[in-house]
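Worksheet: the structure to be examined is printed underneath.
The values are calculated or read from the model by the stated rules, or taken from the named source; none is laboratory data. Values in this document were obtained by computation on a predicted structure and should not be read as measured data. Glycine gets a Cβ as well: all are built from the backbone with ideal geometry, and neighbour counts include every protein chain shown. Ligands, DNA and RNA are excluded from the accessible area calculation, which covers all protein heavy atoms including side chains. Shrake-Rupley method; radii C 1.70, N 1.55, O 1.52, S 1.80 Å.
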Amino acid sequence: MSQTVTPTTPATPAATTDRVVEGPTPKHAQLREILRRAIERELPPGSPIPSERDLAERYQVSRLTVRSAIGKLVEEGLLTRARGKGTFTATRRMELQLYLMSFTDDMRRRGLTPATELLHCGSDAPPPETAGALGLAPRQPAYRLVRRRRADGVPLAVERGWYHPRRVPGLPDLDLTSSLYAQLAQHYDLRLDHARQTVWSEAADRETARLLGIRTGDPLLVFRRVSSASGVPVEDMTSWYRGDRYEVTMQLDRTVPAEHGGNP
């Protein structure tokens, strides 16, 4: 899925007919389309693009024009910036379907090698919303778990979750660098079979950006999932996924859930 590219000479768009000219179309928009064509036709994922200075000299435009064109392509997900390394063509986003499967199993299904780093596991009082979701009394402690998930060595997600202490006693003693769902099944005979999940986007804060190797403010896909086994709540997990690596796919039909009603 991912590749590390450290060539000595960045690739340069090969088309000789592409140039920026005076006219009604802003120069940054012209340059953006030139770069877009190069990305789509010539440059494989993970390829570096020339520096702002090189692009400005090649197309006889200002550095500000180059910066504007590149910034828009970064917003569109065609380019990605690596701190201290430069700007690269983005790898293709992985399709993230909304079904109940562990990260480990999902990555293996894609032919990738999953890895998990345990950042924290301990007992603490969860926020009121989590206490309510797990059926805990106010200020009743629960297990708090923080992990970083990788695929083929690339950090993809940070998970911060809460677990009902009576459902998973001794959770910190398990091997939490492996599939958690497999651990729950093996040690507690718990198989999460139902979840309610909420999805939103947000900008990466400093700590999450550091853990994912991205810039503060970069886009993230966030998933909060409350999972249960046989109707008993077990997990309240929020996961922050890199927006440059994932896209969400949902299958929609015209069926309206009975509890919401609505017009056809």
Checklist entry - Of these, Leu176, Leu211, which one is touching a residue at least 40 places away in the same chain (Cβ under 8 Å) and farther than 30 Å from Gly86 by Cβ? => result Leu176
Checklist entry - List, please: which pairs have Cβ atoms under 6 Å, are six or more places apart or on different chains, and start with a residue in the stretch 229-242 that is open to solvent by less than 30 Å² (accessible area, probe 1.4 Å) and end with one that is among the polar types (S, T, N, Q) and not in a strand (DSSP E or B)? => result Asp236/Thr130
Item to check | Positions within the stretch 219-247 being of a type in the set (Asp, Glu), touching a Leu at 6+ places or on another chain (Cβ under 8 Å) and at pLDDT below 90, in sequence order | outcome: Glu247
Checklist entry - For the stretch 99-129, how many residues meet the condition of being part of a loop (DSSP other than H, G, I, E, B), of a type outside the set (Gly, Ala, Ser) and either under 19 Å from Thr238 (Cβ atoms) or at pLDDT 90 or above (or both)? => result 5
Checklist outcome for this item: Flagged in the stretch 114-129 as free of Cβ contacts under 8 Å to residues at least 60 places away in the same chain and among the hydroxyl-bearing types (Ser, Thr, Tyr), in numbering order, are Ser123
Item to check | Number of positions in the stretch 118-170 that are more than 20 Å from Arg196 (Cα to Cα), open to solvent by 70 Å² or more (accessible area, probe 1.4 Å), under 24 Å from the mean Cα position of the chain (by Cα) and of a type in the set (Lys, Arg) | outcome: 0
Item to check | Selected residue (only one of Leu192, Leu220 is assigned to a loop (DSSP other than H, G, I, E, B) and in contact with a helix residue (DSSP H, G or I) (Cβ under 8 Å, 6 or more places away or on another chain)) | outcome: Leu192
Checklist entry - In the stretch 171-224, what residues are β-branched (Val, Ile, Thr) and open to solvent by less than 50 Å² (accessible area, probe 1.4 Å)? => result Thr208, Ile214, Val222
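Within the group Leu31, Leu64, which residue is of a type in the set (A, V, I, L, M) and loosely packed, with under 15 Cβ neighbours inside 10 Å?
The unique qualifying residue is Leu64.
Determine if the stretch 35-42 includes at least one residue that is crowded, with 18+ Cβ neighbours inside 10 Å, over 26 Å from the mean Cα position of the chain (by Cα) and at pLDDT 80 or above.
Checking the stretch 35-42: not a single residue is crowded, with 18+ Cβ neighbours inside 10 Å, over 26 Å from the mean Cα position of the chain (by Cα) and at pLDDT 80 or above.
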Next on the checklist: If a residue must be part of a helix (DSSP H, G or I) and free of Cβ contacts under 8 Å to residues at least 24 places away in the same chain, how many such residues does the stretch 130-158 contain?
Outcome noted: 2
